[in-house]
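Here's the structure, in structure tokens; my notes come after.
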Amino acid sequence: MDQPDAAATPGTDDPLQLPKRTTPTWDMELLISGATVFGLLQLPALTDRFMFNMSNGSAMELGGLVMALWVYAKFALLTLIGTFIAHLALRGHWVALVGLNSVYPGGIRWENMAKRMGPHYIEASRDKCGEMSELIEQADNRASRVFGVGFGLAVVMLMPMVIVTLGAALIWIFLALGGPRGNATFYAVVAVFLLLFLPFGALVAWDRRRGARAPAGSREARWLQRGFRFYVALGFNRGNNPLLMLFVSNEGGRLTGWLVGITMALMMAVVSYQAFAARVGWGFGDYPGLPDDRVMTPNTLLPMHYASQRGDAVILVPPPYIPDPLVRGPYLRVFIPYLPSRHTLGMQRRCPDALARDDAGGDRARLDCLARILDLRIDGQPAAVPLDAAEDPQTGQRGLLAMIPVSGLAAGRHELTVMPPTGKERAPVDADTKPYRIPFWR
């Protein structure tokens, strides 16, 4: 006997139409996800380039905050991208269920599975699966939850971004007013903490402990109300993120805590991999017979050291590079990006007098100081060439240019070494500080 048509069963949805309890914004969710996910995929690389260039060109007091701003912005972008991709997949699953249910309005015919499954297996599977209307509604709600909560998690990063930007502005004002360099970051962080977070934390603790017992209209209640109005005006408002608040209030704080924690851990792992993989040799694959593929490793050619191989890759700490592994002319062109957070600090320790000079010979004295710090060598022999200021035509990064004569080198493999900035007083390459190693051929 055929099963009754689901369309004729009272209280059920018509399989030839959308279910009655379908999320009303499903079409807009699909439109937003589909229209923006491909555009968002272009933003991480642009963000990397912008933030890395800003960090590498900023004063050393600002570099750390710029990198923190990059982490927050990258977290928000990756969260949105992951949210929209997951939402498209979940909405696709929901569309497939709705569409296939209209083709087979009778639902799953478990009796037709008796030849392949035993009765107890069928019963357990049927109880777990449920009715098609329930499956469709669950898939619909699941997609909407992912869309809303994912967007809410990305919004969480707005307040840290505002705070970091405020800290950077305080540092800039501090330096512009003639404050001592080197401690500006510490002073700004302490000021932000003392002026914002410490009173806010005390106010929250006070409200949780005494708020319910404070009589309406009392001085204590008025102080609490004024304090929270002030902080709410600054953006310390749980209602600023109604997406997460709606989810938390209905699903429970513990679930949200785990969700936020796991998502943040995954996103931070991705960001950390990008930031440090090249420097510590993280990568996929197992090559025990080869040297590490990290910077400063002997007998290894890294694309980041050659302009012809770097492509559009964005590197957190740009290393020195030469045009190509094969040198064809009489000179080897070496570009060393200038990083204020490292080179300026090295000059403060090695040659503070040259850094402070403002006479006609000050520029050359500083360049000579940098030449001593970088200690360029070919096959272990000092390359005594003057440095000049230059700019990377691809990234706009300012730096130092050395033109090393190589016409007298024998044909074959050679190695250029460049020391990273260090405060140690030493001339030769030592075991404590490893140089950049750039092999090339004549």
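The values are calculated or read from the model by the stated rules, or taken from the named source; none is laboratory data. Since we're looking at a predicted model, the values are computed, not measured. Every residue, glycine among them, receives a Cβ derived from its backbone with ideal geometry; neighbour counts consider all protein chains shown. Just the protein is used for accessible areas: all its heavy atoms, side chains included, with ligands, DNA and RNA removed. Shrake-Rupley method; radii C 1.70, N 1.55, O 1.52, S 1.80 Å.
Here are the numbers for this structure:
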| quantity | calculated |
| --- | --- |
| Gain upon complete extension [ASN299, MET54; 0.36 nm per residue less C-alpha separation] | 85.0 nm |
| Solvent-accessible ranking of ASP312, ASP48, ASP359, largest area first, probe 1.4 Å | ASP312, ASP359, ASP48 |
| Other-chain or far-sequence residues with amide H under 5 Å of PHE440's (modelled H) | HIS414, GLU415, LEU416 |
| Stretch gain in nm, segment VAL192-LEU31, where the contour uses 0.36 nm per residue and the Cα spacing is subtracted | 53.9 nm |
| Expected-Rg normalisation [2.2 N^0.38 Å, Cα atoms] applied to the stretch 290-442 | 1.03 |
| Under 5 Å, built H, 5+ apart or other chain: amide partners of TYR331 | VAL406 |
| Accessible surface, the stretch 73-211, averaged per residue in Å² (probe 1.4 Å) | 58 Å² |
| Residues listed by number, the stretch 127-165, amide nitrogen under 14 Å from MET264 label point at 7 Å toward C-beta | 153-161 |
| Between the stretch 55-111 and the stretch 341-371, the alpha-carbon center distance in angstrom | 48 Å |
| Segment ARG254-ASN112, length gained on full extension (0.36 nm per residue, minus Cα span) | 46.8 nm |
